[in-house]
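Q: Could you have a look at this structure, given as structure tokens, before my questions?
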Amino acid sequence: MSGGHQEHPARVVGHGHDGHHGQTHADHGTLKSYTTGFILAVILTAIPFWLVMGKVIDKSSTMGLVLLGFAAVQIVVHMVYFLHMNTKSEGGWSMLALIFTIMLLFIMLSGSLWVMYHLNHNMMPGMMPDSTEVIPESMHDMSNMPSTHGTHSTHSTHSMEDMHNMPNMKMQ
């Protein structure tokens, strides 16, 4: 063995290779990129907080969509500025992961909205706190009906017939 130091061809300074099949190291970020990501994350948290606390948007469905939009943008900011996902790092696999994450985010958000809308739409009208339940006219004055407690008179069968002849309740 010779006493001199031999330099590995893949580690020649200035060629941009790190010895791993031509891939370069991922960008680990700078103070400037971390600061930019932090400021964007704070802004993307403060604006929705202000929108909710200030009751800026009255319609709840619009507010929900706006908040989901801010949440989606904040996830992308975190992935780009803190997880360093871009087209250059890891030979493009990070970008593929970003696209996959965006697809999953879209599926989860739209599916959640769809389920919540249909749950709200299909709830029973009497369960809604601000609904007015429609009561048939024949049920408004129930005090005139005879009592059947303790007796087995014809009133009980008569009252059951009245119940079957009542008009159907309207669902809202």
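Q: Tell me the accessible surface of PHE106 in square angstrom (1.4 angstrom probe, heavy atoms of protein chains only), to the nearest ten.
A: Rounded to the nearest 10, that gives 140 Å².
Q: Something else about it: Quick check for you: which residues of the range 55-78 have the amide N under 18 Å from the point 7 Å beyond the Cα of MET123 toward its beta carbon?
A: The answer is 59-65, whose backbone nitrogens lie closer than 18 Å to the label point.
Q: Keeping the other protein chains in place, figure out the carbon and sulfur percent of the accessible area of the range 63-122, with a 1.4 Å probe. The partial results should precede the final answer.
A: Numbers: 3270 of 4190 Å².
It is 78 percent, rounded to a whole number.
Q: While we're looking at this one, here's another question. At 1.4 Å probe size, what's the solvent-accessible area of HIS118? Round to the nearest 10 Å².
A: Rounded to the nearest 10, that gives 70 Å².
Q: Amide H neighbours of MET85 under 5 Å, at least 5 residues apart or on other chains, H built in the peptide plane: list them.
A: It is VAL80, by chain and number.
Q: Could you put VAL76, VAL56 in order of accessible surface area, largest first, with the 1.4 Å probe and the full protein assembly present?
A: Numbers: VAL76 50, VAL56 70 Å².
The ordering from most to least exposed comes out as VAL56, VAL76.
Q: Further, regarding this structure: Suppose R0 equals 22 Å. What FRET efficiency, 1/(1 + (r/R0)^6) with r the Cβ-Cβ distance, do THR101 and PHE49 give to the nearest 0.05? Please report the intermediate quantities before stating the final value.
A: On the way: r = 24 Å, r/R0 = 1.10.
The pair THR101/PHE49 has a calculated efficiency of 0.35.
Q: How do 63-69, 87-93 rank on mean C-beta neighbours within 10 Å, highest first?
A: Numbers: 63-69: 15.3, 87-93: 13.3.
Packing order, densest peptide first, comes out as 63-69, 87-93.
The values are calculated or read from the model by the stated rules, or taken from the named source; none is laboratory data. Only a predicted model underlies this, so the values are computations on that prediction, with no experimental measurement involved. FYI the Cβ positions are ideal-geometry reconstructions off the backbone, even for glycines, and counts take in every protein chain you see. Surface accessibility is based on the protein's heavy atoms, side chains included, excluding ligands, DNA and RNA. Shrake-Rupley method; radii C 1.70, N 1.55, O 1.52, S 1.80 Å.
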